[in-house]
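The values are calculated or read from the model by the stated rules, or taken from the named source; none is laboratory data. Computed from a prediction, not measured in an experiment: that's the story for all the values here. Using ideal geometry, Cβ is built from the backbone for each residue, glycine included, and neighbour counts are taken over all protein chains shown. All accessible areas refer to the heavy atoms of the entire protein, side chains included, with ligands and DNA or RNA removed. Shrake-Rupley method; radii C 1.70, N 1.55, O 1.52, S 1.80 Å.
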Amino acid sequence: MGNLDISDFIPTPKENLRELCAWDFNIKNVLKHFLTVRNVLGIAVVFISVLCRYLPSKEALCVVVVDELLANCQSKLQDEIAAIRNQMNDISTNPLFLNLIDEKIQAAVHLYDTDKIGLIDYAMESSGARIISMPGTQAFNHAFNLADMFSTVPTDASKILQPGTLPGQCFSFRGSTGRIRISLACPVYVTAFTLEHVHKSLAQNRTSAPKEFQVYGLDGEEATDGFSFGVFKYNLEGNALQMFKVQNQSSVLYKHLELHVLSNYGNPTYTCIYRFRVHGKE
């Protein structure tokens, strides 16, 4: 809405007073500009008061009529505002309305708490996905875990398939490169991947974050090679959760994938993966 001027509502002194009396006062136009109409009305009253000093007595009635029109407009405007407020109060206290709002909030919180993006994650452990193996990759244990000495797949490797990205809720492997093979919940036409790291506001040092990575589609759990969906780069200065569309599309349904981390952001000791998602169509 542009700035309003008194000339928008009252003709200039050069115009005939009878034209002022015949002026078409449009209540809809005033309502449209109700945020500024009070100022306009105040200026109009001052303007009419000044005119009254110079008008002949026989024409003073015209001024009174205009004054009454303005006052009537102000009254109607106040009534409209009161009606709107009442309607808003009725809506905001309606149980059905409150229940609807509560349901929307709960749905949004549930969505954020589960996967944050509203897309099916075929690599989610709770849906049936699992870690197959980690060829040539050794887990890095910040605290010594005797169980990992007798396991071909460290127990915390499945963390990358689970919700949770608070500091420490990750899987770490030694060095800056590593391979992790995953069995998806079901065979899918892969369309995208999502990689998530801890938010920068929660961690002082994030040099262990994956930088470049490659994803392969495998014909089986023990396949020696696979179909490359592309090479991707996680931006450490971007959002904690980043999605990557496949660079190379395939018409094959894949049940098994390999995540190959090629580098990290400078940590020579270990690399951390917080969450890896796989999206597609069944």
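Open to solvent by less than 40 Å² (accessible area, probe 1.4 Å), touching a residue at least 24 places away in the same chain (Cβ under 8 Å), over 26 Å from Pro187 (Cα atoms) and touching a Cys at 6+ places or on another chain (Cβ under 8 Å) - does that describe any residue in region 269-282? Spell out how you get there, then give the answer.
To start, the set of residues in region 269-282 that are open to solvent by less than 40 Å² (accessible area, probe 1.4 Å) comprises 271-280.
With the extra rule that they be touching a residue at least 24 places away in the same chain (Cβ under 8 Å), the set shrinks to 271-280.
When the remaining residues are screened for being over 26 Å from Pro187 (Cα atoms), the result is 271-272.
Still in the running and touching a Cys at 6+ places or on another chain (Cβ under 8 Å): 272.
Yes, that holds for at least one residue.
Among the residues of region 259-268 satisfying the criterion of being out of contact with any Pro (no Cβ under 8 Å at 6 or more places or on another chain) and not in a loop (DSSP other than H, G, I, E, B), which is most open to solvent (accessible area, probe 1.4 Å)?
His260
Return the pair list, or none, for Cβ contacts closer than 7 Å from residues in region 244-267 that are under 19 Å from Ala129 (Cα atoms) to residues that are part of a loop (DSSP other than H, G, I, E, B), at least 6 apart or on different chains.
His256/Gly220; His256/Glu221; Glu258/Gly226
Residues being aromatic (Phe, Trp, Tyr) and closer than 15 Å to Ile160 by Cβ: count how many of those fall in region 177-235. Talk me through it step by step, then tell me what you get.
Here is the first cut: in region 177-235, the ones aromatic (Phe, Trp, Tyr) are 189, 193, 213, 216, 227, 229, 232, 234.
Among the residues that remain, those that are also closer than 15 Å to Ile160 by Cβ are: 193, 213, 234.
Of the residues in that region, 3 qualify.
When you look at Pro210, is it open to solvent by 20 Å² or more (accessible area, probe 1.4 Å), more than 18 Å from Ile132 (Cβ to Cβ) and not hydrophobic (A, V, I, L, M, F, W, C), yes or no? Don't jump to the end; show me each part of the working.
Details: open to solvent by 20 Å² or more (accessible area, probe 1.4 Å): no; more than 18 Å from Ile132 (Cβ to Cβ): yes; not hydrophobic (A, V, I, L, M, F, W, C): yes.
The answer is no for Pro210.
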